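> Mind having a look at this structure? Questions to follow.
The values are calculated or read from the model by the stated rules, or taken from the named source; none is laboratory data. Nothing here was measured: the structure is a model prediction, and the numbers come from that model. Cβ: placed from backbone, ideal geometry, glycine included. Neighbour counts: every protein chain shown. In case anyone asks, the SASA skips ligands and DNA or RNA and just uses the protein heavy atoms, side chains included. Shrake-Rupley method; radii C 1.70, N 1.55, O 1.52, S 1.80 Å.
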Amino acid sequence: MDKFLIKGGKALRGTVAISGAKNSALPAMAAALLTAEKVTLHNIPKVRDLITMSKLLAFMDAKVSVTEMPASDYVIEAPKLNHAEAPYELVKTMRASVLTLGPLMARVGTARVSLPGGCAIGARPVDLHLKALEQMGAEIGTSHGYIEARAPKGRLTGARIVFEKITVTGTENILMAAALADGETVLENAAREPEVTDLVVLLRKMGAEISGDGTSTLRIRGVEKLHGTEHTVIPDRIEAGTFLVAGAITRGDLTISNCAPEHLGAVLAKMEQAGVPIEIVNKTTVHVRSAKKLTGLDMTTEEYPGFATDMQAQYMALATQAEGTSVIVERIFENRFLHASEMMRMGAHISIEGHSATVRGPSALSGTVVQASDLRASAGLVLAGLVANGETMIERVYHIDRGYEGIVEKLQGVGADIERVHAPVS
Ligand code: EPZ
């Protein structure tokens with residue numbers, strides 16, 4: 001297993017270009033299953049989860065071609081779906097495989113998708129996805145670890161669905177299912193994440209009739225057929241946020257380009273309140289400079305437009321360097337503080353009580369060997385390593401490779417002393 005070796009203490013300077021959003025690219029690829037025609041997607045990040053999604057679509061007999069230059073263009077054609085199935089071998093490596101459930105039910109009226117199971121950050125059930133599909137007329141059972149769903153009439157029917165809890169991939173799955181359903185679906189308490197809106201934009205280009213994007217009520221009038229199209233996925237707001245923290249935590253001077261500052265509202269506001277000078281240069285560029293004084297601030301994770309849970313670990317790394325106390329409350333996932341104990345091993349003062357972590361700073365962090373437990377926890381540890389004294393070795397970085405395109409090269413490009421240590425070939 002590869003590791004990262006970081007020698008901390010370098011101020012990051014220069015420009016970092018942000019890649020396409022993993023969490024937009026995944027549903028966009030799944031959406032290509034809704035049509036027999038060609039869907040061309042641009043700005044797909046070169047990360048492992050997208051390769052897993054390609055394998056999944058190929059398993060169903062969709063043709064996925066990745067153009068040589070630039071490799072961020074994918075062309076997907078699914079004239080016929082012979083295996084409406086997401087097998088365990090792929091689902092176990094990527095929970096987002098469940099995003100194929102809605103499109104399969106819409107296109108072929110049947111689906112067999114392995115149950116994703118829990119992961120390091122929480123139990124993460126998919127009960128709300130299933131309940132909503134049942135409301136649309138699907139018959140759903142689980143057997144041998146698989147969700148087995150079918151639309152008895154061959155086609156789902158529109159329904160009024162009120163999500164008990166806001167769910168991002170649940171909203172995306174039902175949007176895709178409803179796009180080809182018979183009649184109108186009204187989705188209430190829907191997720192408002194920019195990635196959901198990006199999916200709506202793509203579906204609309206494919207001929208779907210959807211209104212209410214950006215709000216918590218989405219109306220989808222099912223159509224008979226969707227067609228091919230071309231779409232560029234939005235920039236990754238979590239990657240942008242991670243680099244903003246990298247600039248701030250190393251007391252550097254970083255320009256973050258190819259991003260969408262309009263999606264970064266809560267993160268920008270919190271960092272500015274903490275004393276970090278941030279300038280929105282234009283619609284795609286943000287500039288972060290060193291804070292004269294970094295002050296600890298409380299933060300609670302929320303659904304969009306609140307502060308993203310996917311930025312919590314990175315914010316915690318920043319809080320270890322801020323003066324005073326920061327109480328960080330994790331409201332979305334029940335077990336998303338695994339990075340805290342690793343940061344404590346580096347010298348951070350953090351105490352955890354239930355969903356709340358109290359960080360007392362500033363702490364002089366010192367490098368050691370730490371374990372990455374999930375994608376964003378890994379990012380938090382990289383940030384801690386960038387300010388730690390001496391060498392930090394991060395193990396299990398396969399987590400970070402799932403979602404950050406070329407993070408080592410991008411950090412090196414702005415002056416970080418970081419290298420990938422390849423696992424010996426056995
Ligand atoms: C999406 O996961 C993202 N993944 C996650 O990003 C992100 O952390 C999360 O949304 C929250 O923003 C993708 O977009 C591929 P949820 P998702 O359904 O959709 C509970 C990353 O690092 N819930 O919005 O799986 C659930 O347990 C990843 O890139 C139910 O109880 O998250 C959680 O507590 C990690 N039943 C809450 O809702 C359900 O049926 C929100 O989860 C569905 C969800």
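> If you average the alpha carbon positions of region 403-424 and of region 5-54, how far apart do those two centres end up, in angstrom?
Computed from Cα coordinates, the inter-centre distance equals 17 Å.
> Another question, if that's okay. Tell me the mean residue ellipticity at 222 nm calculated for the chain from its helices only (DSSP H runs of n ≥ 4, each -39500 (n - 2.57), averaged over every residue, nearest 500).
One gets -8500 deg cm²/dmol as the mean residue ellipticity at 222 nm.
> Continuing with the same structure: Too long at a 21 Å Cα-Cα cut-off: which of K55/K165; K55/K80; K205/K225; K7/K410; K55/K225; K22/K92?
K55/K165; K55/K225
> Out of the total accessible area of the chain (probe 1.4 Å, heavy atoms of protein only), what percent is carbon and sulfur?
On the way: 8240 of 16570 Å².
Using a 1.4 Å probe with all protein chains present, the chain comes out at 50 percent carbon and sulfur.
> Angle between the Cα long axis of helix 22-31 and the longest principal axis of the chain, 0 to 90 degrees, nearest 10?
10
> At 1.4 Å probe size, with no ligands or nucleic acids counted, give the accessible surface of E148 in Å², nearest ten.
70
> I would also like to ask the following. Between region 190-266 and region 325-340, how far is it from one alpha carbon centroid to the other, in angstrom?
Using only Cα atoms to place each centre, the spacing works out to 24 Å.
> Considering only protein heavy atoms, what is the solvent-accessible area of F307 at a probe of 1.4 Å, reported in Å² to the nearest 10?
Accessible surface of F307 is approximately 10 Å².
> Determine the dipole magnitude for the chain: charges of +1 sit on the beta-carbon of Lys and Arg, -1 on that of Asp and Glu, nothing else is charged, the reference point is the Cα centre, and the result goes in debye to the nearest 20.
About 220 debye.
> Next up: Can you return the aspartates and glutamates within cross-link range of K10? Criterion is Cα-Cα under 17 Å, with same-chain partners fewer than 8 residues away left out.
K10 reaches D253, E391, E409, D417, E419.
> Let me ask you something else. In Å and on Cα atoms, what radius of gyration and Dmax does the chain show?
Computed over the Cα atoms of the chain, radius of gyration and Dmax are 21.5, 65 Å.
> At a Cα cut-off below 17 Å, give the lysines reachable from K293, other chains included and same-chain residues fewer than 8 away excluded.
Those lysines meeting the cut-off are K270.
> Leaving ligands, DNA and RNA out of it, rank M299, M393 by accessible area with a 1.4 Å probe, largest first.
The residues order as M393, M299, largest area first.
> Specify the angular offset, from 0 to 90 degrees and rounded to the nearest 10, of the alpha carbon long axis of helix 168-179 from the longest principal axis of the alpha carbons in the chain.
Around 20 degrees separate the two axes.
> Where only protein heavy atoms count, and the probe is 1.4 Å, what is the accessible area per residue for region 201-357 in Å²?
Ligands and nucleic acids excluded, the result is 40 Å² per residue.
> Here's a follow-up. Using a 1.4 Å probe on the protein heavy atoms only, what accessible surface does R251 show? Give it in Å² to the nearest 10.
90
> For V327 and H83, what is the calculated FRET efficiency with R₀ set at 41 Å and r taken between the beta-carbons, to the nearest 0.05?
My answer for the efficiency is 0.25.
> Compare L115, L56 by solvent-accessible area with a 1.4 Å probe and give them largest first, with all protein chains kept in place.
Working: L115 65, L56 0 Å².
Highest to lowest solvent-accessible surface, that is L115, L56.
> Hey, what angle do you get for helix 48-59 against the long axis of the chain, alpha-carbon based, 0 to 90 degrees rounded to 10?
20
> Next question, about the same structure. Just to make sure I understand: if all protein chains stay in place, what is the order of F337, F59 by accessible area at 1.4 Å, largest first?
Reading off the accessible areas and sorting them downward yields F59, F337.
> Between region 139-169 and region 354-392, what is the C-alpha centre distance in whole Å?
Rounded to whole Å, the Cα centres lie 40 Å apart.
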